[in-house]
Amino acid sequence: ANAGGALVTTRKGALGSMPTTDEITRMIESNQQNNDDRFRPGFHFSPPANWANDPNGLVYYEGSYHLFYQYHPYSNKWGPMHWGHAISKDLVQWQHEPIALFPDEHGAIFSGCCVVDWKNSSGLFVDSHGLVAIFTHADTHPVTGQPRQRQSLAYSSDKGQTWHKYDGNPVLAEDDLIDFRDPKVFWHPQSERWIMAIVAGDHARFYASPNLLEWTLTGEFGKGEGSHDGVWECPDLFELPVDNTGRTKWVLIISIGDNPNCPEGSRTQYFIGEFDGNTFVNDNPADHILWLDHGRDNYAGVTWSDVPQEDGRRILIGWMSNWKYANETPTGSWRGAMTLPRVLSLASKDGNVVLIQAPVREVEQLRKEFMSWSGITVTPAAPFIQKMNEDLLEIEADIDLRSGSEFHIRLKSSGLSEIVIGYDPAKEWLFIDRSNSGVTDFHPSFASKHGAKMVSKNGKIKLQIWVDRNAVEVYADHGMVVLTDQIFLDAPMDRVEVSTQSGEAVLDSLQIHTLEPIHILGGGRNEA
Ligand code: FRU
């Protein structure tokens, strides 16, 4: 049941039953009454209450960033999907908006994207432009009884405040494909048409359209390429310059679903190559796997669409969880948060092109107090210890590994738990160890140590770490290596300890900013 709002019908189609803003506010308030909120993030986006997964329909339009997301407003577990909605002027402070899309006669609203139809190619707008959401309608096939997924549209002429489902839904159905979902659409100026990247179980498909309504298959990619540990989900395809070479490359992001036999759970990979307007061609050998994030909690990430941002940045947001245990995390009456928005760019490294990530510069506005140290030698007998009164931090460390011993930054709670961010020079391995990180017993594979290959430069490494109440994000090697992990300490983090396992290391520089929590207006605990 959905709080019993009025049935709204529009010129182009039925919207379904919509709770009013008051009803949503009441629902949020009643949800928060028993809310153990100590894991509610301070500066990552989280839903007003209940369940959220993938970010959807990221779009920048007339001065606002829109974030839609997979939302189940009536429970803290995954269920019939809606599109939640929030807007931001700066990607840092958010405002919750009423739910944008409700399930309807064609099914639940799975992941998808949003574009600005600037030229009214769809004819859905009265001689102007507006927002078009392209998403997956998920239901059950009336004859076979199998899950069915078809692609549909909704549109908004008032900057995303109200949405109308298109009368001709679904606009794209392929009866013999399974797991056919998560359309990502962009305008391709070279061929003057819309391109849709979409997945179908074990491969990505590309469709083209003059008007967003009629779609023609132009190519396929992926069988036998990259990781197939799980079902392919949430594709994204875009072009970026490589360094300052004047050259460009295409990036195809593919999330792969959880596989019970893989301890890593759901993960995101990317491919570098070319897109000729019809299909994608991988530059790398088919068995070469590039991971977007080496932590366990960055999934279903997609970027803002082709609409130019202020300065043409390509910005990614991911869902900071993992299907392995997403439904079990100990966050109380809300569940699921987003990563920091990250600017993506490409660099060449040892002859290969790789993706680089950095949090958007706007997050610097959250910086509060600043502490800085330099030239500190640490050993196991003489660690560096800084007590903290606040648990939202940005840490930047330049480390000289000297003796070549394993190096640790430990974020410790006032209780017994800690999260270790470490580097093992012998294995050239950057890792997060959350085995003793507090509440871990909700799933056997949560308490793990995992990481990525990373080569130090002249025995030095540089780490940038964002610490929130539910997660850490670690950026290293100029953003070429990123680890994002949820953490649930037993008590608030109150100490930063830096040490080695055996020999000595020198903190050439250590800088810590305490951070202001963000304000999410219109619901949720972050409200000002
Ligand atoms: C990815 C995903 C998508 C799907 C959505 C459903 O996390 O499984 O493939 O559209 O979540 O909520």
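The values are calculated or read from the model by the stated rules, or taken from the named source; none is laboratory data. Keep in mind that this is a model prediction, so the values were computed, not measured. Please note: Cβ atoms are built from the backbone with ideal geometry, for glycine as well, and neighbour counts cover all protein chains shown.
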Which members of segment 68-85 meet the condition of being in contact with a Gly (Cβ under 8 Å, 6 or more places away or on another chain) and assigned to a strand (DSSP E or B)? PHE68, TYR69, GLN70, TYR71, HIS72, TRP83, HIS85
Test each condition in (1) among the hydrophobic types (A, V, I, L, M, F, W, C); (2) surrounded by fewer than 22 Cβ atoms within 10 Å (Cβ to Cβ); (3) part of a strand (DSSP E or B) for PHE442 and report the one that comes out false. (3)
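Okay, residues lined up against (1) modelled with pLDDT under 95; (2) not hydrophobic (A, V, I, L, M, F, W, C):
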residue	(1), (2)
SER266	no, yes
TYR270	no, yes
ALA286	no, no
TYR299	no, yes
ASP311	yes, yes
TRP323	no, no
THR331	yes, yes
SER348	yes, yes
ALA358	no, no
Would you mind telling me which numbered condition in (1) more than 23 Å from TYR69 (Cβ to Cβ); (2) under 20 Å from the mean Cα position of the chain (by Cα); (3) crowded, with 18+ Cβ neighbours inside 10 Å PHE275 fails? (2)
When you go through SER152, SER209 one by one, which is the residue that is within 13 Å of the ligand (Cβ to nearest atom) and at pLDDT 95 or above? SER152
In segment 79-115, how many are within 12 Å of the ligand (Cβ to nearest atom), over 18 Å from ARG148 (Cβ atoms) and touching a residue at least 40 places away in the same chain (Cβ under 8 Å)? 2
Exactly one of VAL231, VAL199, VAL251, VAL242 is surrounded by 15 or more Cβ atoms within 10 Å (Cβ to Cβ) and modelled with pLDDT under 95, and that one is VAL242
If you check LEU316 against the conditions, is it modelled with pLDDT of 95 or more and either farther than 22 Å from TRP466 by Cβ or part of a strand (DSSP E or B) (or both)? yes
I'd like to verify a number: residues in segment 493-509 that are among the small types (Gly, Ala, Ser) and either without any contact (Cβ under 8 Å) to a residue 40 or more places away in the chain or part of a strand (DSSP E or B) (or both), how many? 3
Is one or more of the residues making up segment 208-221 more than 30 Å from GLY451 (Cβ to Cβ), touching a Leu at 6+ places or on another chain (Cβ under 6 Å) and either surrounded by fewer than 21 Cβ atoms within 10 Å (Cβ to Cβ) or not hydroxyl-bearing (Ser, Thr, Tyr) (or both)? yes
Of the conditions (1) of a type in the set (S, T, N, Q); (2) away from the ligand (no atom under 16 Å from the Cβ); (3) in a loop (DSSP other than H, G, I, E, B); (4) touching a strand residue (DSSP E or B) at 6+ places or on another chain (Cβ under 6 Å), THR218 satisfies every one except a single condition; which number is it? (3)
Scan segment 177-198 and report the pairs whose first residue is away from the ligand (no atom under 11 Å from the Cβ) and whose second residue is polar (S, T, N, Q), with Cβ atoms within less than 6 Å and a gap of 6+ or a chain change. PHE186/SER305; TRP194/SER209
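Looking only at residues in segment 131-146 that are among the small types (Gly, Ala, Ser) and surrounded by fewer than 21 Cβ atoms within 10 Å (Cβ to Cβ), which one is farthest from the ligand (Cβ to nearest atom)?
First pass over segment 131-146, keeping only residues among the small types (Gly, Ala, Ser): 133, 138, 145.
Those still in the list that are surrounded by fewer than 21 Cβ atoms within 10 Å (Cβ to Cβ) too: 138, 145.
Details: ALA138: 7, GLY145: 20 Å.
Here the residue is GLY145.
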Being acidic (Asp, Glu) and within 28 Å of the chain's Cα centre (by Cα) is the filter here, so list the residues in segment 104-163 that pass it. ASP104, ASP117, ASP139, ASP158
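When you scan segment 445-492, how many residues do you find that are among the small types (Gly, Ala, Ser) and part of a strand (DSSP E or B)? Even if it seems obvious, please write down each step before you answer.
Of the residues in segment 445-492, the ones among the small types (Gly, Ala, Ser) are 445, 447-448, 451-452, 456, 459, 471, 476, 479, 491.
With part of a strand (DSSP E or B) added as a condition, the list becomes 451-452, 471, 476.
Number satisfying all stated conditions: 4.
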Qualifying positions in segment 414-427 - in contact with a strand residue (DSSP E or B) (Cβ under 6 Å, 6 or more places away or on another chain) and either at pLDDT below 95 or within 17 Å of LYS462 (Cβ to Cβ) (or both): SER414, ILE421, GLY422, TYR423
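Which strands (runs of 3 or more DSSP E) does segment 341-380 wholly contain that include 2 or more residues that are closer than 23 Å to MET454 by Cβ and not β-branched (Val, Ile, Thr)? If you could, list the steps in order and put the result at the bottom.
Numbers: elements: 342-349, 352-359, 367-378.
Output list reads 342-349, 352-359.
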